[in-house]
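Engineer: Have a look at this one before I ask anything.
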Amino acid sequence: MKTDTAPLIRAEDLSRRFGEFTAVDRIQVAVHPGEVFGLLGANGAGKTTAIRMLCGMLPPTDGRIEVAGVDMVRHARRARGQIGYVAQRFSLYGDLTVLENLKLQAGLYGLTGVRRRDRVDATLHLLNLTDRQAVMAGTLPLGYQQRLGLAAALLHEPQVLFLDEPTSGVDPMARQRFWELIYTLADSGIGILVTTHYMDEALFCDRLALMQAGRIVAEGEPETLLRRPLPTPILELDSPDAVIFERLAQDWPEVREVIPHAGQLRIRLHAGTDPAALRARIDQAATARRLTVTALHPATPELEDAFVAVLEENDG
Amino acid sequence: MNPMRASLIRLRVLLGKEFLQLLRDPRMRFFMIIPPLFQLMAFGYAASFDVHHAEIAVVDQAQTATTRELLAAVAATGSFTLHYLPDVATASVSIDRGQVRALLRFAPDFETKHTAQIIADGSDSNSAQMITGQLSQALQHSAQTSAGLDPPIQVEERAWFNDNLDDRPYFVPGIIATIVLITTVILTAMTIVREREFGTLERLLVTPVARLEFLVAKMAAVASVGLFDVLLISVIAVMWFDVPFRGNIVGLLAGSGLFLMSTLGIGLLISSYSDTQQQAQLLAFFVIQPMVVLSGFAFPIQNMPEGVQWLTWLNPLRYYLLIIRDVFLKGSPVGTHGFEYGMMAALGIATLLLSLRRVK
């Protein structure tokens, strides 16, 4: 890592409007070498539009983008030579083999001859695809297709990697391995921007930005975001009678929502409510109906809770 | 790296990819070879305006020596197969059923009135016209001969370039034009829309590839399929159907190249208006059909209303057909058709520019 002042991806006041609709509203993004930056948000929050602009696929309405020191708006094609991109769905050629796809991609980045062969062999090896190189890409299982997508993005040794929901639909084991690889790549100094809607994946990122209605509404390291005090207290109730408690809790005025979660109940209270009031209600119900309460304690905040709090705050 | 060299590398790998995809896909191989052969067989063997062995009902109510002599003369021409029927009612049933295409009737008073009646099945107007014409000509001719009269004037008919006025040398070269039109418009539109549908185009555009490089590779591949079909059909036309080839192969290839600019442009334009391959196919059909009808492929342009004739000036197929028929049948010097080549070049450039503007 050189210095914190030289990010590989830098977007300033980036906006994109489609007619009256503002899909991305003056966002700032900075991703440094070796950093994994996560962009989170619901569908329609503007993640995809943002990543499309950062990759040079969509010209911004306003703002500046610099990728690996090249102005992406004015010199899009030169800047695109510095980036690797993995799309959400498989978008290489299903009617070409793994090897043919990689050779095509290498050629598109100007690689030829020995250099092309070396890079293709190296990425095949890195992504464990060597014994599948003669297989038609369209017949590969999803996990392999995802790896092929990453292989194709790494052939030209880009400084910056964009991953648009790279693990959607991939099984957990494959996701785990995929992330290990992402870390290896980041350790080698690549700047990585990834969009996801898996909260557990978001925790793997060095830094996170949450998007809502085109704006970045929260940003920081996952630990910092987790430490933010929650305006709405959450209690965790462990009980064999969780189903009954769930029904009861719906009607209590202090309760904002009840979320069944791994055999437990997460009971979220309205802002400013005293958790003691809820404890009293639970005790009362347990005695009256002879229900068992195994444990009741304040919940460990999860990233999702932090984000829900932010989103609700913004909805006003 | 030198940007020019990088661009050439990209074009080369893109072109390689296009050919791999075209040649590997069984549907594409089918599309390149079977429809041209099928059209050749259909037009080479089946389509004809000529009248051969037309089935004719004869109702001879006069039954005189003259009528028998006339009928014998008509039968001797070889163009008609005569069926003798007892009355008009039976004959009209035969016409209704489509068993005969015309009725030739001699009334009982033929010897005094000297009138023969021909009733044709007008539901097929073109054959009806040909049959009534040929039949009455045969009747007139044999009447004059049997009366020992010379016709008032002698008309000496001769057709240049196609002595027997066969339909085959007229239709078969024209198939080249329609096949090239259909194949290249549909291939261009479908393969571009497919790349958009599958997201491969967008993926391609995050690499340093320029949109134009992508389109050039795509069109070059489709154009070579078009030229392959030109050669395939030409060889079969000459070797199998004995269609003469009197002109210059360079003239044919130059005309094909200029025509391809228009068809590739039209294909690209269609792709820019289609979100799915089905839409592209349907749109292509709506564009191709009127182009063929208004080209002179089957219906002479001279017979069209004047306004429509003006419209055909914008139809590149019109010029390409003229050049192809010339190359096969007439063999006039290439320079003779400078206007046609020029019009195809102009229409080609206009279509390409328009479509490139659309896809930007």
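The values are calculated or read from the model by the stated rules, or taken from the named source; none is laboratory data. Please read all numbers here as calculations on a predicted model, not as lab measurements. Cβ placement follows ideal geometry from the backbone for every residue including glycine, while neighbour counts extend to all protein chains displayed. Areas reflect the complete protein model, heavy atoms only, side chains present, ligands, DNA and RNA absent. Shrake-Rupley method; radii C 1.70, N 1.55, O 1.52, S 1.80 Å.
Engineer: Need one number: buried accessible surface between chains B and A, 1.4 Å probe, both sides summed, DNA, RNA and ligands left out, in Å² to 100.
Structural biologist: Result for this pair: about 2400 Å² buried.
Engineer: Average projected area of the Cα convex hull of the stretch B:54-146, in nm²?
Structural biologist: Taking the Cα atoms of the stretch B:54-146, their convex hull projects to 5.4 nm² on average.
Engineer: Please list the non-local residues whose amide H lies under 5 Å from the amide H of A:Arg256, H modeled 1.01 Å from N, same-chain partners needing a gap of 5 or more.
Structural biologist: Distant-sequence amide H within range of A:Arg256: A:Arg268, A:Leu269, A:His270.
Engineer: Based on DSSP H assignment, which helices of chain B show an axial Cα extent of at least 20 Å together with a mean Kyte-Doolittle hydropathy greater than or equal to 0.0?
Structural biologist: Span-like helices, by this rule, are B:3-24, B:26-41, B:168-197, B:211-239, B:249-272, B:277-293, B:338-359.
Engineer: When only C-alpha pairs under 8 Å and at least 6 residues apart count, what is the relative contact order of the stretch B:101-215, in percent? Before the final figure, lay out each step's value.
Structural biologist: Values: 42 pairs, mean separation 13.3, N = 115.
That works out to 12 percent.
Engineer: For the stretch B:264-336, state which chymotrypsin sites (Phe, Trp or Tyr not before Pro) are in a DSSP loop and have at most 14 other beta carbons lying within 10 Å of their beta carbon.
Structural biologist: B:Tyr273, B:Trp313
Engineer: OK, next. Alpha carbon centre of the stretch B:10-59 versus the stretch A:77-148: separation in Å?
Structural biologist: After rounding, the separation between the Cα centres reads 37 Å.
Engineer: Label-point separation (nm) for B:Thr90 and A:Val293, each offset 7 Å from Cα along Cα-to-Cβ?
Structural biologist: So the two model labels end up 10.9 nm from each other.
Engineer: Further, regarding this structure: Could you work out the mean count of beta carbons from other protein chains within 10 Å of each residue's beta carbon in A:102-109?
Structural biologist: 6
Engineer: Let me ask something else. So what's the gap between the Cα centers of the stretch A:25-69 and the stretch A:201-235, to the nearest angstrom?
Structural biologist: 18
Engineer: A:Ser168 accessible area, nearest 10 Å², 1.4 Å probe?
Structural biologist: Using a 1.4 Å probe on the heavy atoms, I get roughly 40 Å².
Engineer: Among the aspartates and glutamates, select those whose C-alpha is under 12 Å from the C-alpha of B:Lys218, and discard any that sit fewer than 8 residues away in the same chain.
Structural biologist: Hits, sequence-local ones excluded: B:Glu18, B:Glu195.
Engineer: Specify the angular offset, from 0 to 90 degrees and rounded to the nearest 10, of the alpha carbon long axis of helix A:113-126 from the longest principal axis of the alpha carbons in chain A.
Structural biologist: Between helix and principal axis, roughly 20 degrees.
Engineer: How crowded by other chains is B:196-202, given as the mean number of beta carbons from other chains within 10 Å of each beta carbon?
Structural biologist: 4
Engineer: Let me ask another. Any idea what the relative contact order of chain B is, in percent, if you count C-alpha pairs under 8 Å spaced at least 6 apart?
Structural biologist: It rounds to 19 percent for chain B.
Engineer: Which residues make up the longest stretch of chain B clear of GluC sites (Glu not before Pro) that lie in a DSSP loop with no more than 12 other Cβ atoms within 10 Å, not counting the sites?
Structural biologist: B:158-360
Engineer: Also, quick follow-up: Averaged over peptide A:79-87, how many Cβ atoms belonging to another chain are found within 10 Å of each residue's Cβ? Provide the component values of the computation, followed by the final result.
Structural biologist: On the way: counts 1, 5, 4, 1, 3, 2, 5, 2, 5.
Mean shielding count: 3.
Engineer: Oh, and also: Over the heavy atoms of B:His337, what accessible area does a 1.4 Å probe trace out, to the nearest 10 Å²?
Structural biologist: About 30 Å², ignoring ligands and nucleic acids.
Engineer: Then there's this: How many nm separate the modelled label positions at B:Leu282 and B:Asn126, each set 7 Å beyond the Cα in the direction of the Cβ?
Structural biologist: 3.0
Engineer: Subtracting the Cα-Cα distance from 0.36 nm times the residue separation, let me have the gained length for B:Phe30 to B:Arg68 in nm, one decimal.
Structural biologist: Between B:Phe30 and B:Arg68, full extension yields 8.1 nm more.
Engineer: Still on this model: Would you mind giving the three semi-axes, in whole Å and largest first, of the ellipsoid equivalent to chain B according to its Cα gyration tensor?
Structural biologist: Semi-axes, largest first: 54, 21, 17 Å.
Engineer: In whole Å, how far is the Cα centre of the stretch B:117-135 from that of the stretch B:241-267?
Structural biologist: 37
Engineer: Additional query: Mind grabbing the accessible area of B:Arg168 for me, 1.4 Å probe, Å², rounded to tens?
Structural biologist: 90
Engineer: A further question follows. Just need the relative contact order of the stretch A:9-227 here, percent rounded to a whole number, with Cα pairs under 8 Å and 6+ apart. Don't jump to the answer; show the numbers that get you there.
Structural biologist: Numbers: 414 pairs, mean separation 67.1, N = 219.
Computed value for the stretch A:9-227: 31 percent relative contact order.
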